[in-house]
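*Asks:* The structure's right below; bear with me while I get my questions together.
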Amino acid sequence: MLKIVVCVSGGGTNLQAVIDAISNGSITNARIEAVISNNPGAYALQRAKDHGIAGICISPKQFENRECFNEALLKQVSSYQPDLIVLAGFLVVIPEIMIREYRNRIINIHPSLIPSFCGTGYYGLRVHEGVLKRGVKVTGATVHFVDEGTDTGPIILQKPVMVEEGDTPEILQRRVMEQAEWNILPQAINLIANGKVTVTEGRTVIGRKENKEV
Ligand code: GAR
């Protein structure tokens, strides 16, 4: 059984998608041990509570400096001995020490087709504002492993979404969530929980075992 810790900062619709996928059996062999938020007001914490999942807030504001926060975050996460850490709209830079300790065991959902509209400064609505400003016709979402860079780790799944005439950042954000994020995040977790994702030379291979058997 894959033990998951989900890190959140806001509304938690991606967290909800994962909770629902576990309840309806689209994700097997996995369970959420805890939800950790850096923001005490995150609605995601309420979603955790509603489903009987431990919800913890650990905010940089509670600590003297960033280093102390980073240490506390790592300690809190590690207390659950997770097999997988899921960043579901977690707007905190992950400490390098945590990335090293959980190499290829931290995944992130990003609301664009990486390597477009990603990296420093591209998060939440800003991604969709950038998409509309540039005038691309296709956007989407990406699930990837987290490495030391910003949105640079091995890509696990991507799904395209059409940009439509008259889109606002908010409308596009909702479409990307509905058509891509809420599908590929649970899918990626299910693949990992069932041993179907390996990382070789900075790239992922999906379902290799099955392919070999065919
Ligand atoms: C999601 O769109 C997620 O892809 C994005 O924040 C939103 C969180 O929504 N993450 C990033 O931009 C990370 N760079 P949610 O709290 O409703 O899941």
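*Asks:* Based on alpha-carbon atoms only, what is the radius of gyration of region 70-150 relative to the globular estimate 2.2 N^0.38 Å?
*Replies:* This ratio for region 70-150 stands at 1.21.
*Asks:* Using only the heavy atoms of the protein chains and a 1.4 Å probe, how would Lys3, Lys61 rank by accessible area, largest first?
*Replies:* Putting Lys3, Lys61 in descending order of accessible area: Lys61, Lys3.
*Asks:* With springs only between Cα atoms under 10 Å, which of Ser79, Ser116, Ser23 fluctuates most in a Gaussian network model of the chain?
*Replies:* Ser79
*Asks:* Accessible area per residue of region 1-95 at 1.4 Å probe, in Å²?
*Replies:* 46 Å²
*Asks:* Then there is this: Give the value in nm², to one decimal: projected area of the alpha carbon convex hull of the chain, averaged over all directions.
*Replies:* Projected area, direction-averaged: 12.5 nm².
*Asks:* Normalise the Cα radius of gyration of region 1-120 by 2.2 N^0.38 Å (N = residues in it) and let me know the number.
*Replies:* 1.03
*Asks:* Among Ile85, Ile56, what's the order by accessible area (1.4 angstrom probe), most exposed first?
*Replies:* Of Ile85, Ile56, the descending order of accessible area is Ile56, Ile85.
*Asks:* Something else now. Quick one: in region 147-212, what % of C-alpha pairs are over 15 Å apart?
*Replies:* Considering region 147-212, 63 percent of its Cα-Cα pairs are separated by more than 15 Å.
*Asks:* Here's another thing I want to ask about it. Could you sort Glu64, Glu71 by their accessible area in this structure, using a 1.4 Å probe and putting the largest first?
*Replies:* I get Glu64, Glu71, largest accessible area first.
*Asks:* Does a label point 7 Å from the Cα of Gln179, set along Cα-to-beta-carbon, have any residues of region 110-127 with amide nitrogen under 14 Å, and which are they?
*Replies:* The answer is 112-113.
*Asks:* Within region 42-125, which chymotrypsin sites (Phe, Trp or Tyr not before Pro) sit in a loop by DSSP and count at most 15 neighbouring Cβ atoms inside 10 Å?
*Replies:* Counting only loop positions with at most 15 other Cβ atoms within 10 Å, the chymotrypsin sites (Phe, Trp or Tyr not before Pro) in region 42-125 are Phe63.
*Asks:* Leaving out same-chain residues fewer than 8 places away, which aspartates and glutamates sit with a Cα under 20 Å from that of Lys75?
*Replies:* Excluding near neighbours in sequence, the set is Glu33, Glu64, Glu67, Asp83, Glu96, Glu101, Asp147, Glu148.
*Asks:* Sticking to Cα atoms, compute the Rg of region 118-167 to one decimal and its Dmax as the biggest Cα-Cα distance, whole number, in Å.
*Replies:* Here Rg and the maximum Cα pair distance are 12.0, 37 Å.
*Asks:* Gap in Å between the Cα centre of region 27-45 and the Cα centre of region 114-158?
*Replies:* The two parts, judged by their Cα centres, are 22 Å apart.
The values are calculated or read from the model by the stated rules, or taken from the named source; none is laboratory data. All values reported here derive from a predicted model rather than from experimental measurement. A quick note on method: Cβ atoms are made from the backbone with ideal geometry, for glycine too, and the neighbour counts reach across all protein chains shown. Ligands, DNA and RNA are stripped out before the accessible areas are found, and what is left, the full protein with its side chains, is counted by its heavy atoms. Shrake-Rupley method; radii C 1.70, N 1.55, O 1.52, S 1.80 Å.
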